[in-house]
Structures are given as C-alpha cells and as structure tokens.
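Structure first, commentary second.
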Amino acid sequence: MNAEFIRVDDPRWKRLLGQVSHDFYHTPEYLELCGRYEDGEPGAFWAESEDSAFLVPLLRRKIPASLGAPDGWWDLYTPYGYPSPLLTRLRGQESGRFMEAFTTLCQKSECVSGFLRLHPLLPLPPAMLSLSGTVLRHGETVFIDLEEAEEAVWKGVRENHRRDIRKLANRGFIVELDAWERLPEFIALYHATMRRLDASPFYFFPTDYFRDLRKALRNDLHLCTVLTKSGEVASAGLFVGTDRIVEYHLGGTAEDY
C-alpha cells in the first residue's frame, strides 16, 4: 500500500473527487482557505491499494512549546465543517488497512494526535474508524431530500415552521439570491449574531474570510437574503452547492427579528 501526505496542488486529489461523492469541505481550495484562517498547514493524507484510494483532508500545526512538547511534534485536524475521509471503494478489511496506514504514517511523521470531523451524508463504517481511535457522536443533523416532490418536501417541514413561512410571505417578506452587493450587510449581521450568541472567538471570521471564500468557491457559493417589505435585511445565509449536496454554511439574523 502506498501512503503519504500530499499537498493541495497534487493532481491525485482532484482526480479522486471526480470519482466519489463529496462536499465542498473536501476541495483543495477550501483546505487552502482554512489553512490561512485556522492557523494550519493544508494538505491531505493519501493512500491507495490496487483500485482503491483513500483521502483525508487535513490541517497540520505544531504542538505549542508551552505544552512542553519536543520541537517537531504536530497535530492533525480537519478544517471547520464536514471534511470526512473519502474512500473510492469499500472492501471489508481493506478499508481498515487505510486507517492503519494513516496511524503508521502519523507516528513516523511525529504527528501525535488527529481529530477527524465526519460527514452526516457521506458515512464511513464506524468499525473502520474505531480501529485507530475513538468515534464520538455529537447530536443530530437535519437534512431535506430535495429529490422528493415539492409537496413531500413541505410535509417534512415542521408545521410551526410552515406557518411562520406563510406568515412572513403574507407580511411582504421576500428572498433575494446572490445579491452580492449586500455582502457587507451580511457580514455585519453575522458578527452581530455571533456576539448575541456569545460565540467563541473562532467563529468571528474576519471580513477577508468571506471575500476569500467567494473567490475559492466561485459559483458554488450563494448568498440568500431575507428582506422585509421595506427592504431591510432581516436574515441572511451563505449556502454552497457541490456534487448534489447543498450546505447551509454560515448565517445570521438581525436583532429585531
């Protein structure tokens, strides 16, 4: 089995994404962006065996000297979101060998810990992952199957949410999509929401982050803005559409609403 850490410009990365279901969290462009804002060196773990390949998008950072760690020790972690490991073919014991190869390479490279966020819609067998660590479950993720008929989609929405949506429409609220001139308003709204929720400093992404995110994701990134009858921004969110998955990335709501 061939196993190594690769850079964001390695052609094998993009080639694998063309073979498997994935999200924008798995793209090298997103990893490169997160490397700038999450204080990590972007890259991925790559392994292949016969006609199967395994990719884990990762950020690498040095263990702080304040912890007394020797110089050259690192930790590995996936960036913000759901950048779960990707596997081209799932074949019983072979899938476990990929995680074993990951652990072995980490030890050789003085990477002393790894934190992998999984993806709720692109699951991997827990048994495969538990061979090399502990698998924890953190709450639930809500999703809507957009391939269903519109009537079925609406039935899947809570009755009180349907009622609120109708009420807003009757009051003249409208939705704008990709009105990018409103991006500064969205950023201010997002930051105000984070302050109201007493969010940790991590979530206060700087203004350049949002501009760089748009540059990295291009036409896959969308700004959805909810306006009052008078044209005031009541709420807004950033959505990303990748490989038949639409993700709600970041959002905010004005204090009055």
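For the reader, a short list of remarks on this structure follows.
- Residue within region 94-107 that is in contact (Cβ under 8 Å) with a residue 12 or more places away in the chain and not in a helix (DSSP H, G or I) present: no
- Checklist (1) closer than 19 Å to residue 142 by Cα; (2) among the hydroxyl-bearing types (Ser, Thr, Tyr); (3) in contact with a helix residue (DSSP H, G or I) (Cβ under 7 Å, 6 or more places away or on another chain) applied to residue 248, failing item: (3)
- Of the residues making up region 108-146, those that are under 30 Å from residue 158 (Cα atoms), in contact (Cβ under 8 Å) with a residue 40 or more places away in the chain and buried (at least 18 other Cβ atoms within 10 Å of the Cβ) are 119, 122, 124.
- Any pair with Cβ under 8 angstrom, 6 or more apart, that starts in region 47-61 at a residue that is open to solvent by less than 10 Å² (accessible area, probe 1.4 Å) and ends at one that is acidic (Asp, Glu) and part of a strand (DSSP E or B): 47/4; 54/48; 59/41
- Some residue of region 198-216 being assigned to a strand (DSSP E or B) and open to solvent by 60 Å² or more (accessible area, probe 1.4 Å): no
- Number of residues in region 62-74 that are open to solvent by 40 Å² or more (accessible area, probe 1.4 Å) and in contact with a strand residue (DSSP E or B) (Cβ under 9 Å, 6 or more places away or on another chain) equals 4.
- Residue satisfying all of: in region 149-185; at pLDDT 95 or above, assigned to a loop (DSSP other than H, G, I, E, B) and on the phi < 0 side of the Ramachandran plot; nearest to the chain's Cα centre (by Cα) among these: 179
- Per the conditions (1) touching a helix residue (DSSP H, G or I) at 6+ places or on another chain (Cβ under 7 Å); (2) within 14 Å of residue 234 (Cβ to Cβ), the sole criterion not satisfied by residue 169 is (1).
The values are calculated or read from the model by the stated rules, or taken from the named source; none is laboratory data. It should be emphasised that the depicted structure is a prediction, and the values quoted were computed from it without experimental measurement. Ideal geometry is used to build each Cβ from the backbone, glycine not excepted, and the neighbour counts take in all protein chains shown. These accessible areas exclude ligands, DNA and RNA; they are computed on the full protein's heavy atoms, side chains included. Shrake-Rupley method; radii C 1.70, N 1.55, O 1.52, S 1.80 Å.
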